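The values are calculated or read from the model by the stated rules, or taken from the named source; none is laboratory data. A quick note: this is a predicted structure, and the numbers were derived from the prediction, not measured. So basically every Cβ, Gly included, is an ideal-geometry build from the backbone, and we count neighbours across all protein chains shown. With ligands, DNA and RNA removed, areas are computed over all heavy atoms of the protein, side chains included. Shrake-Rupley method; radii C 1.70, N 1.55, O 1.52, S 1.80 Å.
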Amino acid sequence: MAAHVLRLRAALLIGSLRGERRVRTLVMLAVIVLLTAVVCAAVLSLDDAPVAVARTVIVLGSAALLLGFLVGPILVGAVDQLDPRRFAVFGVDERQMPWILALASFISVPSLALLAVNISVCIVAIRLGAPWPLAVLMSVVSLVSTILSARIGMAVNALVLPERRSRELTALFALAVVVIAFPVAVFLASLKWDGHVPAAVATLTAAVGFTPFAASSRFLFSFATDDSSGAWISGIVAFATAAALWALWTWLVRRLLTTTERPVASRERSGLGWFGLLPSNAFGAIAARSLVYWLRDRRYIMNLIVVPVAGVLTVLPLLVAGVPLEIAALVPVPVMALFFGWLPHNDVAYDSTALWTHVASGVRGIPDRLGRLVPVILVALPVLAIAVPLTLLWIDDWRLLLPLTGVGASLLLSALGFSSIVSVIAPYAVSRPGDSPFQQPQRPTSRGAYGPAAAFLGAIVVSIPTIWLLVLTMLEGSRFAPATFWAGLATGVVMLAIGVTVGGRVFEREGERLMEFVETA
């Protein structure tokens, strides 16, 4: 089976050079080969550069490669010619298909270009002092992780966005141009550093090197700087990333092989808005309904507008009170993250009598809880992604990139988890649909004000360890930065999972009580 799939992959690659578009394909192939040669030459020339410069260029370039291969297929709507669903009718072994398809992924133009770049990086790392067995091993881990990222991106595109279709070859060529051109830009910028990496860039490199995007590259250059502790941390992150990507890829292959896609006519989805874009299941329906509410109901819109404004305004009283700018500027991001996560704490009450559609249809609790969080997450992530780098640019301290991100993730996700519980345990009366968002409801059916306070304070309490690690990073240096990031992310994910699970069970058991509340409140 493996040999057959490999021959099929090679035949598809050769077949793309034939037909009416062969001239355009050959031109694009020549461009990719030229760019790959330029990148490899640039990487190989780094063996004469200072170690700091070489590490910066390769770490940032590697992060761009993995990120581009992951999100590129989703953004351009790439179609996988070896989609696992195409093999479902042949009765293939679900346990063998993940590694067979992953092996076949190496037979492609972007994969071959990536292989050439990885070999160049490995050679440079060995010349700068990395032991060759470890350098080769980590280069293989990096290559496999990047290839799996592309496969996962295409699988997610096939599951979530089936209507976005384009030619695979064109999409992969465009992706390769982007992810190869970025390292070239970083290399050209390094020519102006005169052997000294700018402080902000060095801090950014150190932070990115501990993330899954570039941990393997940082590991390679830790030996040249005698950073043994950092080397092992990066190595563990790199192997954990590869293992997680493989587990996700295996699950996606089995899901694609065992899931039958219902044929949907193009006109069937036209005019449905969010309901046509999101999955056709309970989660997708609730998420689409929530998005419609949050983007059209002025009560929701007012909440979304107030959060960024409130976050920025917190700086003014701190400055008046004499707090240094470097400290006061760090407050808006955690405040916005906390309030974004706190917003859905009374989402059930905002539904009013429309809640009966959830209860009457027998929706399970977890899809209901997760679907309601989609609008907040879609707004919060872009806002925080812009606010974090702007904050660090303002105070000129990029070593806080990972710690500030970790604190934001902990507060946002933890608050979402607590809100998922509070919204079904202690809803309180709000203005009815169509009323002014500033109108005070005059209904005594609420169960008290302890719910909002519990969601708000609970997220702060569980995030105290992460906040303390942020303080240690500010006082004692960036050695606590990776721990702050991972502690915040782990805290947020765990609390979100607990909140969604507990809130889902309460929703299933207390459906009648919630219906009574929205009818009378």
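Details
- Phi angles of region 147-156 translate, via the Karplus equation with coefficients 6.51, -1.76, 1.60 and θ = phi - 60°, into HN-Hα couplings of 5, 5, 4, 5, 5, 5, x, 5, 5, 5 Hz per residue; Gly and Pro are given as x.
- Taking a Cβ cut-off of under 12 Å around residue 325, the surrounding Lys, Arg, Asp and Glu residues balance to a net charge of -3, with basic ones at +1 and acidic ones at -1.
- Computed 3J(HN,Hα) for region 30-42, one whole-Hz value per residue from the Karplus formula 6.51 cos²θ - 1.76 cosθ + 1.60 where θ = phi - 60°, is 4, 5, 5, 4, 5, 5, 5, 5, 5, 5, 4, 5, 5, glycine and proline marked x.
- Accessible surface comparison of 48, 351, probe 1.4 Å, protein chains only, largest first: the order is 48, 351.
- Once both labels are positioned 7 Å from their Cα atoms along Cα-to-Cβ, the gap between residue 94 and residue 33 label points is 4.3 nm.
- Backbone geometry of region 122-137 corresponds, through the Karplus equation with coefficients 6.51, -1.76 and 1.60 at θ = phi - 60°, to 3J(HN,Hα) couplings of 4, 4, 5, 4, 5, 5, 8, x, 6, x, 5, x, 5, 5, 5, 4 Hz, x marking Gly and Pro.
- Solvent exposure, largest accessible area first (probe 1.4 Å, DNA, RNA and ligands not counted), of 350, 293, 450: 450, 293, 350
- Available extension along the chain between residue 254 and residue 501 is 86.5 nm, counting 0.36 nm per residue and deducting the alpha carbon span.
- Most tightly packed first, judged by the mean number of other beta-carbon atoms within 10 Å of their residues, the peptides 87-93, 232-238, 333-339 read 333-339, 232-238, 87-93.
- Among 51-64, 130-143, sorting by the average number of other beta carbon atoms lying within 10 angstrom of each residue, highest first, gives 51-64, 130-143.
- Peptide ranges 379-391, 104-116 listed from the most packed, as the mean C-beta count within 10 angstrom indicates: 104-116, 379-391
- Among the protein heavy atoms of region 31-164, carbon and sulfur supply 73% of the accessible surface, probe 1.4 Å, non-protein parts ignored.
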